[in-house]
1. Leaving ligands, DNA and RNA out of it, report the carbon-plus-sulfur percent of the accessible area of the chain at a 1.4 Å probe.
2. Would you please report the Å³ per residue occupied by the convex hull of the alpha carbon atoms in the stretch 27-96?
3. At most 11 other C-beta atoms within 10 Å and a DSSP loop state: those are the exposed trypsin sites (Lys or Arg not before Pro) I care about. Give me the longest piece of the chain that has none.
4. Any idea what the relative contact order of the chain is, in percent, if you count C-alpha pairs under 8 Å spaced at least 6 apart?
5. If you take the alpha carbon radius of gyration of the chain and divide it by 2.2 N^0.38 Å, what ratio comes out, to two decimals?
6. Show that you can apply the helix-only estimate: for the chain, add -39,500 (n - 2.57) for every DSSP H stretch of four or more residues, divide by all residues, and state [θ] at 222 nm to the nearest 500.
7. Can you figure out the FRET efficiency of Val173 with Gln41, using R₀ = 25 Å and their beta-carbon distance, to the nearest 0.05?
8. Treat each spin label as a single point 7 Å out from the Cα along the C-beta direction, and report the Arg53 to Ile139 distance in nm.
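The values are calculated or read from the model by the stated rules, or taken from the named source; none is laboratory data. The structure displayed is predicted, hence computed values, not measured ones. Reconstructed Cβ throughout: ideal geometry from the backbone, glycine too, with neighbour counts over all protein chains shown. For accessibility, only protein heavy atoms count, side chains too; no ligands or nucleic acids. Shrake-Rupley method; radii C 1.70, N 1.55, O 1.52, S 1.80 Å.
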Amino acid sequence: MKSRHRSNQQKRSLVGACLAHALHDGYTDALYVFLPVWQAQFGLSYAALAIVRALYSGTMGGLQIPANRALRGLSPRAALILSTVLALTGLLIMASPFGFAGLCIGLVVAGVGSSIQHPCGSMLVTVSYGAASRHPLGIYNFSGDLGKAALPALVAVLLPTLGWQPVLGLMAVLGIALSVVLVPLVPAAPSPGPPRRRRLPARAAAASAF
């Protein structure tokens, strides 16, 4: 009975991590679709457009390790929901009538959110499955590829009809839906850290070296 409960929890955790990974990676690649629209909207040069794109990607990549350390005490559920709420908040800021400044601020906020998701999601899968995490991690990584394929394609279809601000709003709605879905899927208890190696006495350590 206990083994069956653990197996069910592992599957729920994997589903939750995969959904979060798919959405956040979809957000990341979907932003590429908006670049030509923003260039025309705000009269950006190619250099300025590259800087705008770097506001998101640089924040997301640069804050992954600090965010993982700062939020280590949070449960996987709280961390993934926080990451998603920050990301969708960034999208809403971008979609609001705050002009170019709002776009830049929104990209940074969304990047902060995705920086939390990446280490948290992979850690959730690793901790849930332990030594058997190799195959689940492969599924987790593949879910990100699905998000990268699906969401940019959806954005490309909707942009000509709805305009870029409503499309960003719809993307934010997906984040709200994911935040609700994560509640029953992801554990509320903090994940245990990696096992600590027991320090050996000096003599034992010296003997084990030979």
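1. Values: 7770 of 11470 Å².
Carbon plus sulfur share of accessible area: 68 percent.
2. So the per-residue hull volume is 89 Å³.
3. On the way: sites that count: Arg196, Arg197, Arg198, Arg199.
My reading of the result: 1-195 is the longest stretch.
4. That works out to 37 percent.
5. Details: Rg = 20.1 Å, N = 210, 2.2 N^0.38 = 16.8 Å.
The reported ratio for this selection is 1.19.
6. Values: 8 runs with 174 residues, N = 210.
Mean residue ellipticity at 222 nm (helix-derived): -29000 deg cm²/dmol.
7. 0.70
8. Inter-label distance under the simple model: 3.4 nm.
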